[in-house]
Amino acid sequence: MPQTLRKLIGTVLLVALVVIYSLVATTIASAKLAESPWWVHTLYFLVTGILWVVPAMFLVSWMLKPDRNKNG
């Protein structure tokens, strides 16, 4: 697969990941943390704010793989 196609697919997937992840994280926070103290909210959003980077990192590294040499 050419790198330009991987970049296009990866960009669409990355945007979808961020949108879906943020909606899920916010829904969970609304449902489970409604009566929690402020520091629980802060800790939750700190962890979930960093956690989305893991799948995004793998997606970006896949997007940036160089093309295979067609001669070898």
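The values are calculated or read from the model by the stated rules, or taken from the named source; none is laboratory data. What you see is a predicted model; the values in this text were computed from it and never measured. Here the Cβ is made from the backbone with ideal geometry for all residues, glycine too, and neighbour counts use every protein chain on show. Side chains are part of the model used for accessible areas, which takes the heavy atoms of the whole protein and leaves out ligands, DNA and RNA. Shrake-Rupley method; radii C 1.70, N 1.55, O 1.52, S 1.80 Å.
Values computed for the structure shown
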read-out: Euclidean distance of C-alpha centroids, region 43-72 and region 1-33, integer Å; value: 12
read-out: Largest to smallest accessible area among Trp62, Trp39 [probe 1.4 Å]; value: Trp39, Trp62
read-out: Solvent exposure of the chain as accessible area per residue, Å², 1.4 Å probe; value: 80
read-out: Distant alpha-carbon pairs in the chain (separation over 21 angstrom), percent; value: 44
read-out: Total charge dipole magnitude, region 1-71, about the Cα centre, Cβ charges on Lys, Arg, Asp, Glu only, Debye to nearest 20; value: 440
read-out: Accessible area of the chain belonging to carbon and sulfur atoms, whole % at 1.4 Å probe; value: 74
